[in-house]
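The values are calculated or read from the model by the stated rules, or taken from the named source; none is laboratory data. In this text the structure is predicted, and so the values were computed from the model without any measurement. Neighbour counts run over all protein chains shown; Cβ positions are idealised from the backbone, glycine included. SASA here: full protein model, heavy atoms, side chains in, ligands and nucleic acids out. Shrake-Rupley method; radii C 1.70, N 1.55, O 1.52, S 1.80 Å.
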Amino acid sequence: MKRIVTIQDISCFGKCSLTVALPIISACGVEACPIPTAVLSTHTGGFKGFTIHDLTKEISPITEHWKTLDMSFDGIYTGYLGSKEQLKIVSDFIDDFKKENTLVFVDPVMGDHGKLYAGFDEDFAKEMVSLVKKADIIAPNLTEVSYLLGEEYKENFTDDEIKDMLRRLSALGARTVIITGVRRGDKLGVFAYESEKDEFTHYFRERINDTFHGTGDVFASVCSSALVKGFSVKEAIEIATDFVVECIHHTAPDKENHWYSVKFEECIPSLVKRMF
Ligand code: PXL
């Protein structure tokens with residue numbers, strides 16, 4: 001069985017980061033080892049008065065212990081990180097634990113719809129570039145792309161513009177770059193570039209006129225698990241996109257009650273069918 005270490009916060013209510021990553025990675029048949037970087041009462045997207053307890057100081061004792069156990073990972077998947085200090089610690093973690101066959105998947109979580117999430121600033125975005133440089137695979141959305149490259153955010157880019165940004169992101173270091181949330185007429189999808197083959201791939205589905213928190217984390221959890229299991233980039237982005245679309249369709253009719261994330265749990269059976 002493959003094993004992924006995933007480094008991100010735990011938001012106790014709201015379904016994102018670890019409360020999404022752990023069940024999804026497990027459902028994919030991959031062992032999941034979390035390093036929680038902070039405990040929040042809820043995620044920061046739409047709740048008032050959320051609490052945050054930073055766990056930066058806990059990370060080094062965990063990793064020092066793991067070193068004595070000679071732990072190894074098939075994948076290192078990083079998501080939401082709360083400070084520049086954490087970016088540096090996670091970067092050191094990659095240096096310590098990345099072996100020849102370890103896949104480093106960095107989701108440079110910073111924002112959406114052209115804006116940074118609460119608590120992030122441009123300085124953080126600049127520092128995220130250093131972490132992105134350590135990755136084999138990165139999966140930013142278009143907002144994160146604009147911050148990583150210093151490009152102005154737009155909702156619509158031409159294919160040529162997307163391809164140019166994929167190449168520029170790949171030049172930072174990652175051999176595979178996946179841009180999520182790309183619009184094309186009435187479709188929405190992902191565009192990927194594999195520098196080793198100099199090959200572009202894309203996968204589009206119908207665009208649903210609704211947005212939900214946590215879908216980026218759902219995508220990254222499925223995609224990193226699929227890649228670690230040996231699926232190709234093309235297969236991984238198709239499985240992950242289809243699962244996100246299914247989760248959104250399943251949740252949209254009950255958006256009034258379930259506005260804070262997707263009901264991914266009830267869609268897990270179809271994910272399992274694709275992964276085994
Ligand atoms: O889904 C990304 C995410 C992760 N963690 C926290 C968040 C968000 C997005 O808002 O607030 C705490």
Item checked: Net length gained if the chain between LYS98 and ASP54 were fully extended (0.36 nm per residue, minus Cα distance) -> 13.3 nm
Notebook entry, point to check: What helices in the chain pass both tests, a Cα length along the helix axis of 18 Å or more and a mean Kyte hydropathy of 0.0 or higher, using whole DSSP H runs?
Noted result: 215-228, 233-251
Item checked: Residues in the range 28-64 reached by a label modelled at ARG3 [backbone nitrogen below 20 Å; 7 Å Cα→Cβ] -> 28-37, 59-64
Next item on the list: Take every Cα pair under 8 Å in the chain that's 6+ residues apart, average their separations, divide by the length, and report that relative contact order as a whole percent.
Entry: 17 percent
Notebook entry, point to check: Where a ≥ b ≥ c are the square roots of the eigenvalues of the C-alpha gyration tensor, would you call the range 102-177 rounded, which needs a/c under 1.5, or, failing that, prolate if a/b is larger than b/c, or oblate?
Noted result: oblate
Notebook entry, point to check: Counting only protein heavy atoms, what percent of the accessible surface of the range 113-199 is carbon or sulfur at a 1.4 Å probe?
Noted result: 42 percent
Margin query: Regarding the range 180-276, what's the average projected area of the Cα-atom convex hull, expressed in nm²?
Written below: 6.4 nm²
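Using Cα-Cα distances under 8 Å and only pairs 6 or more residues apart, what relative contact order does the range 99-178 have, in percent?
Working: 102 pairs, mean separation 28.4, N = 80.
Relative contact order for the range 99-178 comes out at 36 percent.
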Next item on the list: Can you find, among CYS247, LEU40, GLY150, the residue farthest towards the positive end of the dipole of the chain? Put +1 on the C-beta of Lys and Arg, -1 on that of Asp and Glu.
Entry: CYS247
Notebook entry, point to check: Straight-line reach from LYS163: which lysines have Cα under 24 Å away, leaving out those fewer than 8 places along the same chain?
Noted result: LYS115, LYS126, LYS133, LYS134, LYS154, LYS187, LYS197, LYS234
Margin query: Give me Rg/Rg_expected for the range 45-165, where Rg uses Cα atoms only and Rg_expected = 2.2 N^0.38 Å with N residues.
Written below: 1.18
Check: Rounded to the nearest 0.05, what FRET efficiency do ASP160 and VAL39 have when you use their Cβ-Cβ distance and R0 = 51 Å?
Finding: 0.70
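Given charges of +1 on the Cβ of Lys and Arg and -1 on the Cβ of Asp and Glu, with all other atoms neutral, how large is the dipole of the chain about its Cα centre, in debye to the nearest 20?
Charge dipole, the chain, about its Cα centre: 300 debye, nearest 20.
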Next item on the list: Keeping all protein chains in place, calculate the accessible area per residue for the chain (probe 1.4 angstrom), answer in Å².
Entry: 45 Å²
Next item on the list: May I ask what percent, to the nearest 5, of DSSP beta bridges between residues of the chain are antiparallel?
Entry: 50 percent
Margin query: Please report the carbon-and-sulfur percent of the accessible area for the range 51-106; probe 1.4 Å, protein heavy atoms only, DNA, RNA and ligands left out.
Written below: 51 percent
Notebook entry, point to check: If the convex hull of the alpha-carbon atoms of the chain is projected onto planes in all directions, what is the mean projected area in square nanometres?
Noted result: 13.4 nm²
Next item on the list: Among HIS43, HIS213, HIS258, determine the one that fluctuates most according to a GNM of the chain built with springs between C-alpha atoms less than 10 Å apart.
Entry: HIS258
